[in-house]
1. So if I check each of 51, 75, which one is farther than 14 Å from residue 143 by Cα, in contact (Cβ under 8 Å) with a residue 60 or more places away in the chain and surrounded by fewer than 14 Cβ atoms within 10 Å (Cβ to Cβ)?
2. Are any residues in region 168-208 under 25 Å from residue 122 (Cβ atoms) and modelled with pLDDT under 95, and if so, which ones?
3. So which of 192, 124 is out of contact with any strand residue (DSSP E or B) (no Cβ under 9 Å at 6 or more places or on another chain) and farther than 16 Å from residue 84 by Cα?
4. For region 78-101, which residues satisfy the criterion of being within 19 Å of residue 148 (Cβ to Cβ) and buried (at least 19 other Cβ atoms within 10 Å of the Cβ)?
5. For region 39-147, please list each of the strands (runs of 3 or more DSSP E) lying entirely inside it that holds at least 3 residues being more than 30 Å from residue 169 (Cβ to Cβ).
6. For the structure I just gave you, tell me whether residue 256 is farther than 20 Å from residue 127 by Cα and either outside the structural domain of residue 169 (by TED's automatic domain parsing) or modelled with pLDDT of 90 or more (or both).
7. Given (1) farther than 30 Å from residue 282 by Cβ; (2) surrounded by fewer than 20 Cβ atoms within 10 Å (Cβ to Cβ); (3) in contact (Cβ under 8 Å) with a residue 40 or more places away in the chain, identify the lone condition not met by residue 58.
């Protein structure tokens, strides 16, 4: 794994090596993130300690990690970010050596890393979005052993695999695994330079805020029906809007449904058609099912207000009839809706 990541981490700086992105999706814009978790540093061989011809192997206890990041996400799923991460308190569990006096020494290791990461968000049509990534940068690895301490700045690289959960259009929870490693650092822990290793496994939970995401507020057009109900009109439309990836009736939408039910009763409607719609985020097949759930939610709300169920038909059209034309994988609030069509003749 170390050899593969060391060779491929350099692709962070080469856009032409990007993978095809047709299957990826995301919310475009600048973002910031922060996280915390745990890390496990692998056993490390320390050569030439305390003198040439000697050496030992260190085993470490579990430590912690904290990180902050800032980056830019494209709508097609590619993210580029800068990250600072601090892995700390990996105390030495034990040392082992063919030299008995080097067994049982105390110490600890830690690192500070400045990384550039390139990641892909994989759109699976759900609020949960898997992602993969690579990173490259520089790390200051610090080693303390038997009362001596030194730090060495060396090239670092990492592989990332994880998933995010969209709490809102702007806020996402993240959880990922990272394999983090460096080229061999060297330390002045005695009269000679000692060479060691640094390989780390990390579990990191975090929070990411995207500034470019569209607002989740109900569009202004949802505050009133498309046209006043007049009994002489053969057809009247009402628009009911939904939050992203939801089929739940909001308080504003509930009032509009109540107005539509009252208007249908006054006009002696002969047929009411409810048509569900979605935006283009998510897969077409998922959006088709979501649009039907939205239409069914409105139908149930109309029936609860006294509208005869036999007058109502439901239909889901997915992302095929957009109120606001957009490209693929765009979270547009105006397209997350259900249309109530009241026909009186």
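1. Numbers: 75 fails: surrounded by fewer than 14 Cβ atoms within 10 Å (Cβ to Cβ).
After applying the criteria, what remains is 51.
2. The answer is 168, 169, 170, 171, 172.
3. Working: 124 fails: out of contact with any strand residue (DSSP E or B) (no Cβ under 9 Å at 6 or more places or on another chain).
From the options 192, 124, the qualifying one is 192.
4. 90, 92, 95, listed by residue number.
5. Numbers: elements: 44-47, 55-60, 63-73, 78-96, 107-121, 128-145.
Per the criteria, 44-47, 55-60, 78-96, 107-121, 128-145.
6. On the way: farther than 20 Å from residue 127 by Cα: yes; either outside the structural domain of residue 169 (by TED's automatic domain parsing) or modelled with pLDDT of 90 or more (or both): yes.
It is true that residue 256 is farther than 20 Å from residue 127 by Cα and either outside the structural domain of residue 169 (by TED's automatic domain parsing) or modelled with pLDDT of 90 or more (or both).
7. (2)
Conditions (1) under 15 Å from residue 341 (Cα atoms); (2) out of contact with any strand residue (DSSP E or B) (no Cβ under 6 Å at 6 or more places or on another chain); (3) modelled with pLDDT under 90, marked per residue:
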position	(1), (2), (3)
220	no, yes, yes
235	yes, no, yes
239	yes, no, no
291	no, no, no
298	yes, no, no
304	no, yes, no
319	no, yes, no
322	no, yes, no
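The values are calculated or read from the model by the stated rules, or taken from the named source; none is laboratory data. Remember, predicted model here, so these are calculated numbers, not experimental data. When we count neighbours, we look across all protein chains shown, and the Cβ atoms used for this are built from the backbone with ideal geometry, even at glycine.
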